[in-house]
Amino acid sequence: MTSADREFWDGEAARFDEEPDHGLRDPQVHDAWRSLIVGLTPPAPCRVADLGCGTGSLSLLLAEEGHRVDGIDVSPEMVRRANAKAGTFPGVGFVVGDAAVPPFEQGAYDVVLCRHVLWAIPEPAEALARWVDLLARDGRLLLIEGQWSTGTGLTAERTAALVEGAGLTASVRPLADPAYWGKRIDDERYVVVGRR
């Protein structure tokens, strides 16, 4: 990520949580994401890397379920807001850094989670190889992505192919339910789960 990326996301941080799926303030949206994430992660406690964590909403949701979460984001302002949101809640912490090259311990994570970041990385296959290296032996990769109506993003087929190219078995679950987004959507949104 470049300094321009950092500046852009710093500028977006103040209104980032206004989107229902970012702030998870709406109880129905919060519950939909909680149900999804709990269903895709191993039983607590496990160790999770949240790459491109933004303001930390999913990190905190996972910590509330009893997981230990390390979040990273390129934006210092996003990380400041994530730390403020987490407060003194145990088991969750955030650092400023590039999600494509996370400075986390290899082989230490039961789950590597990334939401709406892979599509923006110039070399996604290289980033995925680094993310797979973070996984413990039975770890899993959770990629929440989309091909948006603006024409940006990644199709589920492309994301699954990238995950399989990184040496994992990929399964795709569509996320078309408006409960996840706080509104109806007309684009492709999904989660790809990668396992060894």
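The values are calculated or read from the model by the stated rules, or taken from the named source; none is laboratory data. Since we're looking at a predicted model, the values are computed, not measured. Neighbour counts are summed over all protein chains in view; Cβ atoms, including those assigned to glycine, are modelled from backbone coordinates with ideal geometry.
Points to keep in mind about this one:
- One residue stands out among those in region 30-60 that are of a type in the set (S, T, Y) and assigned to a helix (DSSP H, G or I): the one that is farthest from G71 (Cα to Cα), which is S35.
- Meets criteria (surrounded by fewer than 21 Cβ atoms within 10 Å (Cβ to Cβ), modelled with pLDDT under 95 and under 25 Å from R195 (Cβ atoms)) for G91: yes
- Qualifying residue in region 151-160 (condition: out of contact with any Leu (no Cβ under 8 Å at 6 or more places or on another chain), closer than 23 Å to A13 by Cβ and among the basic types (K, R)): no
- Any hit, region 69-80, residues being under 22 Å from R47 (Cβ atoms), touching a Cys at 6+ places or on another chain (Cβ under 6 Å), of a type outside the set (A, V, I, L, M) and buried (at least 22 other Cβ atoms within 10 Å of the Cβ): yes
- Test for R137: is it among the basic types (K, R) and within 25 Å of D186 (Cα to Cα): no
- Only residues that are among the acidic types (D, E) and crowded, with 22+ Cβ neighbours inside 10 Å were counted across region 126-154, and they come to 1.
- For region 61-119, the set of residues classified as in contact with a strand residue (DSSP E or B) (Cβ under 6 Å, 6 or more places away or on another chain), among the charged types (D, E, K, R) and over 17 Å from D17 (Cα atoms) consists of R68, D70, D110, listed by residue number.
- Per the conditions (1) in contact with a Pro (Cβ under 7 Å, 6 or more places away or on another chain); (2) basic (K, R); (3) closer than 25 Å to L162 by Cβ, the sole criterion not satisfied by R68 is (3).
- The condition of being more than 30 Å from A170 (Cβ to Cβ) and either at pLDDT 95 or above or among the β-branched types (V, I, T) (or both) holds for only one of R15, R80, R6, that being R80.
- Selected residue (only one of R25, R81, R47 is among the charged types (D, E, K, R) and either under 19 Å from L141 (Cα atoms) or in contact with a Phe, Trp or Tyr (Cβ under 7 Å, 6 or more places away or on another chain) (or both)): R47
- For region 158-177, a residue qualifies if it is closer than 19 Å to I121 by Cα and of a type in the set (V, I, T), and the qualifying residues are T159, V163.
- Region 13-29: number of residues that are assigned to a helix (DSSP H, G or I), without any contact (Cβ under 8 Å) to a residue 12 or more places away in the chain and surrounded by 13 or more Cβ atoms within 10 Å (Cβ to Cβ): 0
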